[in-house]
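A.B. asks: Please read through the structure below; I'll follow up with questions.
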Ligand SMILES: NC(=O)C1=CN([C@@H]2O[C@H](COP(=O)(O)OP(=O)(O)OC[C@H]3O[C@@H](n4cnc5c(N)ncnc54)[C@H](OP(=O)(O)O)[C@@H]3O)[C@@H](O)[C@H]2O)C=CC1
Ligand SMILES: O=C(CO)COP(=O)(O)O
């Protein structure tokens, strides 16, 4: 039997994941700030603003702009808000969340200035115990999932039984969820691969080929694995769906906003121009500086994030970014 699930944030992924949940037989309520989006989903089963590719959202999917009504009686509450706005948006839900509900984050970003992961931000803001928080992360380009292409993801929760409940709730004929207790690993994989995707996109946009892309991807993986392990993640997570899997999908597809943002930089656009034409949030942009800061805090070198922060803050070229990745010394891989 389906569950009562609420999704906060009707962006591209929030809406596509809402459809995944509805296709799995749940009763889904979307919450959004924008009245037009609420009315579109509730009245016409369409999110023409954020997910126009879907002509008709499932009938067991509705929407509201009222916070209390949105989360009332929800068994699972999914958060799909741009990471830098999660804290401010969730503060308004404090005190409204049912006491047994599991809160699930789809977000892939690190909070600027605090350098906190989304599990930390969500739990802190809602005063939520670890066993009621779950993260979902994997190779999940929203447009492909909205078109019901087969895909898989990982659900992480300190309480493996709650991870199983969430996995069971979002698994359907085309979407399969695995479980783990490594929440930190999932958070670090999802957030840090966006920085790598910016760099790969930039190299592609500048006209470089497979070797350059493979070099950035593997060095990016090494960097995010080292930083994740120092933060307390299980290194095995980085070779799974949420690690290598998501890196392959995000660094290899123009459907990724991070890849596309990077590609536009590589073609010569400024950060402002690339932001203007971005089709949704490119989380890697604000996350890059947070990764550099986190690296310093944890004593882990982050050359790729550092060079990308120079691209974003100082406007250095792709060639300079790549040249800065490696020192002059010969070192072991
Ligand atoms: N798209 C994808 O393929 C995937 C995305 N993700 C992650 O999921 C998260 C959401 O992504 P996605 O849905 O694609 O992003 P979009 O850019 O499509 O949407 C962002 C969402 O955040 C909301 N938002 C922004 N600011 C606020 C605020 N102050 N208060 C409330 N809501 C706010 C937007 O609301 P509004 O529409 O009203 O502006 C919108 O619903 C990101 O962290 C992303 O990295 C993870 C896997 C796949
Ligand atoms: O996380 C994603 C795929 O797994 C989506 O990537 P973008 O946010 O770059 O579009």
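A.B. asks: At pLDDT 95 or above and in contact with a strand residue (DSSP E or B) (Cβ under 9 Å, 6 or more places away or on another chain), is that true of residue 297? Before you say what the answer is, go through the steps one by one.
C.D. replies: Working: at pLDDT 95 or above: yes; in contact with a strand residue (DSSP E or B) (Cβ under 9 Å, 6 or more places away or on another chain): no.
Judged against the criteria, residue 297 is not a match.
A.B. asks: Name the residues in the stretch 115-135 that are under 15 Å from residue 283 (Cβ atoms) and out of contact with any helix residue (DSSP H, G or I) (no Cβ under 7 Å at 6 or more places or on another chain), would you?
C.D. replies: 116, the sole residue that qualifies.
A.B. asks: Condition check: more than 24 Å from residue 119 (Cα to Cα), in the same structural domain as residue 318 (by TED's automatic domain parsing), outside any helix (DSSP H, G or I) and in contact with a helix residue (DSSP H, G or I) (Cβ under 8 Å, 6 or more places away or on another chain). Does residue 269 satisfy that?
C.D. replies: yes
A.B. asks: Given the residues 49, 54, 38, 28, which is the only one that is crowded, with 24+ Cβ neighbours inside 10 Å and either modelled with pLDDT of 95 or more or part of a loop (DSSP other than H, G, I, E, B) (or both)?
C.D. replies: Details: 49 fails: crowded, with 24+ Cβ neighbours inside 10 Å; 54 fails: crowded, with 24+ Cβ neighbours inside 10 Å; 38 fails: crowded, with 24+ Cβ neighbours inside 10 Å.
Answer to the check: 28.
A.B. asks: Still on this structure: Got at least one residue in the stretch 235-254 being in a loop (DSSP other than H, G, I, E, B), more than 23 Å from residue 183 (Cα to Cα) and more than 16 Å from ligand 2 (Cβ to nearest atom)?
C.D. replies: Step one: filter the stretch 235-254 for residues in a loop (DSSP other than H, G, I, E, B), giving 240, 252-254.
With more than 23 Å from residue 183 (Cα to Cα) added as a condition, the list becomes 252-254.
Those left that are additionally more than 16 Å from ligand 2 (Cβ to nearest atom): none.
Looking for residues that are in a loop (DSSP other than H, G, I, E, B), more than 23 Å from residue 183 (Cα to Cα) and more than 16 Å from ligand 2 (Cβ to nearest atom), one finds none in the stretch 235-254, hence no.
A.B. asks: Identify, from the list 262, 243, the residue that is within 16 Å of ligand 1 (Cβ to nearest atom) and closer than 13 Å to residue 190 by Cα.
C.D. replies: On the way: 262 fails: closer than 13 Å to residue 190 by Cα.
After applying the criteria, what remains is 243.
A.B. asks: For the structure I just gave you, tell me whether residue 306 is crowded, with 23+ Cβ neighbours inside 10 Å and either within 13 Å of ligand 1 (Cβ to nearest atom) or not in a loop (DSSP other than H, G, I, E, B) (or both).
C.D. replies: On the way: crowded, with 23+ Cβ neighbours inside 10 Å: no; either within 13 Å of ligand 1 (Cβ to nearest atom) or not in a loop (DSSP other than H, G, I, E, B) (or both): yes.
It is false that residue 306 is crowded, with 23+ Cβ neighbours inside 10 Å and either within 13 Å of ligand 1 (Cβ to nearest atom) or not in a loop (DSSP other than H, G, I, E, B) (or both).
A.B. asks: Only one residue in 300, 291, 285, 281 is in contact with a helix residue (DSSP H, G or I) (Cβ under 8 Å, 6 or more places away or on another chain), in a loop (DSSP other than H, G, I, E, B), buried (at least 23 other Cβ atoms within 10 Å of the Cβ) and in contact (Cβ under 8 Å) with a residue 12 or more places away in the chain, so which one is that? Steps first, answer last, please.
C.D. replies: Values: 300 fails: buried (at least 23 other Cβ atoms within 10 Å of the Cβ); 291 fails: in a loop (DSSP other than H, G, I, E, B); 285 fails: in a loop (DSSP other than H, G, I, E, B).
One residue alone meets the criteria, 281.
A.B. asks: To continue, here is another question. So which residues in the stretch 1-24 are in a loop (DSSP other than H, G, I, E, B) and without any contact (Cβ under 8 Å) to a residue 40 or more places away in the chain, if there are any at all? If you could, list the steps in order and put the result at the bottom.
C.D. replies: Going residue by residue through the stretch 1-24, those that are in a loop (DSSP other than H, G, I, E, B) are 1-3, 9-11, 24.
The answer is 1, and nothing else.
Listed here are the residues, each with its yes/no results for (1) surrounded by fewer than 23 Cβ atoms within 10 Å (Cβ to Cβ); (2) within 18 Å of the chain's Cα centre (by Cα).
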site	(1), (2)
156	no, yes
160	yes, no
164	yes, no
173	yes, no
176	yes, yes
196	no, yes
201	no, yes
211	yes, no
215	yes, no
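A.B. asks: Checking residue 217 against (1) under 15 Å from residue 284 (Cα atoms); (2) not in a helix (DSSP H, G or I): exactly one of these is not met. Which one?
C.D. replies: (2)
The values are calculated or read from the model by the stated rules, or taken from the named source; none is laboratory data. Being a predicted model, the structure only gives us computed values, none of them experimental. With ideal geometry, Cβ positions are generated from the backbone for all residues, glycine too; neighbour counts draw on all protein chains shown.
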